[in-house]
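Beneath this line is the structure, given in structure tokens, with notes to follow.
Read the figures in this text as sums done on the coordinates, not as results from a lab. The structure presented is a predicted model; accordingly, all values stated were derived computationally and were not measured. Cβ: placed from backbone, ideal geometry, glycine included. Neighbour counts: every protein chain shown.
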Amino acid sequence: MYLKALILCFLSFNISAKSLIDDINNFLDADRFSYEQVTENSNEVISGKLILDKLQIYLEIITPYKESYLISKNFITYNDIDFSQQRTFEYSENDFPIINIISKKKIPQGDDSLNILSVEDSVYVTDKMTKQVFKISLKEEATLVIQFKDNFGVGNSIFLNKLS
């Protein structure tokens, strides 16, 4: 009897974990999002919009400064609107594992380069090569929250809301 209860508990945990990943993937299936980023120990909120296309990612920052990023294949084009400067540089997926996740518009469960763990109401995605951990959660099914530490060990939170 104890064994049956343990198996039932394990199966229900796996079903809820899969359901959470499915909910996050369904959320990321949209094309347009409002974007807010908050950095630990800072009062500044970076806000703008994020557009996910099958071929590229476009991030437009509106406040506190105006800039945009166009990410396509292995290139990032940075446009500083305030100072009328533009720069394109090549990058590796190893440098920015979050781009790899977001560009696929889902948590890629069959990706051997990632460890994926669902705990309570969050999914933890760890890039095996960089060891960078991303905590991804849905708040009230309306806001996707991505939390991570940057290269300097500073905590960041990104909040995405669907735009119509």
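Summary of computed values
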{"item": "C-alpha long axis of helix 2-28 to longest principal axis of the chain, angle in °", "result": "20"}
{"item": "Helical mean residue ellipticity (222 nm; -39500 (n - 2.57) per DSSP H run of 4+; nearest 500) of the chain", "result": "-7000 deg cm²/dmol"}
{"item": "DSSP-assigned coil residues among chymotrypsin sites (Phe, Trp or Tyr not before Pro) in region 60-92, each with at most 15 further Cβ atoms within 10 Å", "result": "65, 83, 91"}
{"item": "Candidate lysines for bridging to residue 66, where Cα separation is under 27 Å - those fewer than 8 sequence places away on the same chain excluded", "result": "49, 54, 104, 105, 149, 162"}
{"item": "Where GluC sites (Glu not before Pro) in DSSP loops with at most 12 other Cβ within 10 Å are excluded, longest remaining stretch of the chain", "result": "45-119"}
{"item": "Structure-derived Kirkwood radius over Cα pairs in Å - corresponding label in (1) 17.2; (2) 17.8; (3) 16.1", "result": "(1)"}
{"item": "Length released on extending from residue 164 to residue 106, taking residue separation times 0.36 nm less the Cα-Cα span", "result": "19.0 nm"}
{"item": "Highest-MSF residue in the chain out of 135, 54, 105 [GNM, Cα springs under 10 Å]", "result": "54"}
{"item": "Computed FRET value (nearest 0.05) for residue 41 with residue 130, which takes r as the C-beta separation and R₀ as 25 Å", "result": "0.65"}
{"item": "Sites residue 116 and residue 75, calculated FRET efficiency, Cβ-Cβ separation with R0 35 Å, nearest 0.05", "result": "0.80"}
{"item": "Under the Debye formula (equal points on every Cα, no solvent term), log10 I(q)/I(0) of region 85-145 at q = 0.23 Å⁻¹", "result": "-0.99"}
